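Worksheet: the structure to be examined is printed underneath.
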Amino acid sequence: VSGDISALDDIIRSLDPPLIVVTTAAGGERAGCLVGFHAQSSIDPRRYSVWLSKANHTYRVGLRSTHLAVQFLRSDQLALAELFGTQTGDEIDKFADLDVRDGPGGVPLLACCRNRFAGRLTALLDERGDHVCVAVEPETVFADVPFQPLRLSAAAHLQPGHGNEERNNPPTERAVGR
Ligand SMILES: Cc1cc2nc3c(=O)[nH]c(=O)nc-3n(C[C@H](O)[C@H](O)[C@H](O)COP(=O)(O)O)c2cc1C
């Protein structure tokens, strides 16, 4: 089949990408969300990029933070995916009942995730879509391999805490009156 751009969604579904939880902190506020858009993005120097939705609390805190952490989920961690993917830090503290360690720059590390890294945020790329690319220079790594990743197919039924279409909310003050 060719011609219909929405067929790209079928290819992505077939790739079945692994899911991660991205965490960050700024000014004493912790944030984190479930992320399916992520990849290693340079070998030397090593870089890893994640794409954060402009609608998310995690993105807004990330704009003010120096560090980000990536925790790779195991196939038995659907509950964690549900907490970070369907709830929003605008309403609850997702970290309240979790074993959380302090990483570089105060970034919260989830102890239950045995494959993770934390690093310095090196660049943001906003190419005017609903997600922004955030590049990270890994500084500390914790690995317990091999492991079975939690994949998109196991979590596709989850309803995101913030939809990507919410990115213009709240509107600017002038726009409110229109
Ligand atoms: C399967 C799945 C994949 C997701 N992928 C991303 C992603 O790549 N980037 C992102 O910013 N949000 C992604 N989300 C949405 C956020 O995890 C979700 O809206 C979350 O509740 C936002 O929390 P926050 O407002 O506390 O940051 C995904 C959600 C689901 C269910």
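All of the numbers you see were taken from the coordinates with simple rules; none came from a lab. Since the model is a prediction, treat every value here as computed from it, not as a measurement.
Things worth noting here:
- Just checking the listed ones, Ala118, Ala55, Ala79: in the Gaussian network model of the chain with Cα springs under 10 Å, the one fluctuating most is Ala79.
- Under the Debye formula (equal points on every Cα, no solvent term), log10 I(q)/I(0) of the chain at q = 0.16 Å⁻¹: -0.99
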